[in-house]
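Structure, as structure tokens:
Values in this text are rule-based calculations from the coordinates and carry no lab data. Fair warning: this is a prediction, and the values are worked out from it, not measured in the lab. Positions of Cβ are generated from backbone atoms using ideal geometry, with glycine treated the same way; all protein chains shown enter the neighbour counts.
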Amino acid sequence: TPEKTTYSRVLLKISGEALMGDQGFGLHPPTVERIAAEVKSVHDLGVEICMVIGGGNIFRGLQGSAQGMERTTADYMGMLATVMNALAMQGALEALGIHTRVISAITMNEVAEPYIRRRAVRHLEKKRVCIFAAGTGNPYFTTDTAAALRANEMACEAIFMGKQVDGVYDKDPKKHDDAVRFDHISYDDVLAKRLGVMDASAIALSRDNNLPIVVFSLDEPGGFRGILAGEGTYTVVK
Ligand code: UDP
């Protein structure tokens, strides 16, 4: 069971890959629209929503550096990829009548607002969905860490990690039939067992600030809203 079944402010983290559908790369608009509808169903409950979207469907810094690019340059390209995903999500949400702001950790005033914490809080209070883009704005980080950082700054009650699996397993459930899902697991166990929930710095930042992480499947229609009400299967890391 989750910590609580009513939330007033949450952060939804999804990977860039969640937006690519079956294409294997880039953005698949119907998939973006489907996830936007999931967000709307939670927004309709009056929950204040922050989002962080990865960029792995377009570019990953580590991949670029493995192919000989300078790591920091490659990481900035990865951060720019997250802005593209954020804009796609913004468009899909606005098409559903939801007011949104894309808030970028790298200033690009023509495209997105700069990150100003108090301003972002105000947007949330006005029920605008805040999509935090460009990660933390720093190379060598990931959007998981950006999610943990923004969730803390915005005083979210939990991070919801929307994945392709319905929680944290002791081994990859797509490869092992006997994989077992945890209902609860501690931050330290996730780190010690090297379970691929989030990267280690994101887990540590969440642990040090007592921010629960709820891992659930975004493939389940109505999943996000259900999980907030404590329904369905998921894992709580705390
Ligand atoms: N990135 C970065 N700093 C950040 C967030 C992201 O340098 O604070 C870069 C990094 O290169 C990363 C890429 O942006 O590979 C895309 O983000 P991520 O891999 O977290 O996306 P996801 O796996 O969630 O799709």
Fill in the blank from the handout: Residue set A202, A179; condition within 16 Å of the ligand (Cβ to nearest atom) and on the phi < 0 side of the Ramachandran plot; output residue A202
Handout entry: Residues that are among the β-branched types (V, I, T), over 21 Å from H43 (Cα atoms) and either out of contact with any helix residue (DSSP H, G or I) (no Cβ under 9 Å at 6 or more places or on another chain) or within 16 Å of the ligand (Cβ to nearest atom) (or both), drawn from the stretch 111-156
Key = I116, T136, T142, T143, T145
Problem - Number of positions in the stretch 1-52 that are within 16 Å of the ligand (Cβ to nearest atom), assigned to a helix (DSSP H, G or I) and not hydroxyl-bearing (S, T, Y) - result: 6
Practice task
Please enumerate the residues belonging to the stretch 96-110 that are surrounded by 14 or more Cβ atoms within 10 Å (Cβ to Cβ) and under 16 Å from A81 (Cα atoms).
Solution key: V102, I103, S104, A105, I106, M108
Exercise for the section: Among the residues of the stretch 26-64, write down those that are within 21 Å of M198 (Cα to Cα) and of a type outside the set (A, V, I, L, M). Expected result: C50, G54, G55, G56, N57, F59, R60, G61, Q63, G64
Handout entry: Pairs with Cβ under 6 Å, 6+ apart, first in the stretch 93-109 and in contact (Cβ under 8 Å) with a residue 12 or more places away in the chain, second among the hydroxyl-bearing types (S, T, Y) and within 15 Å of the ligand (Cβ to nearest atom)
Key = I103/Y115; A105/Y115; A105/T136
Exercise for the section: Would you check which residues across the stretch 17-47 are β-branched (V, I, T) and touching a residue at least 60 places away in the same chain (Cβ under 8 Å) and list them? Expected result: V32, I35, V39, V42, V47
Completion exercise
Of the residues in the stretch 65-119, those that are charged (D, E, K, R), closer than 19 Å to A146 by Cα and assigned to a helix (DSSP H, G or I) come to R71, D75, R117, R118, R119
Exercise for the section: Taking the residues in the stretch 197-216 that are surrounded by fewer than 18 Cβ atoms within 10 Å (Cβ to Cβ) and touching a residue at least 12 places away in the same chain (Cβ under 8 Å) as candidates, determine which candidate is nearest to the chain's Cα centre (by Cα). Expected result: D199
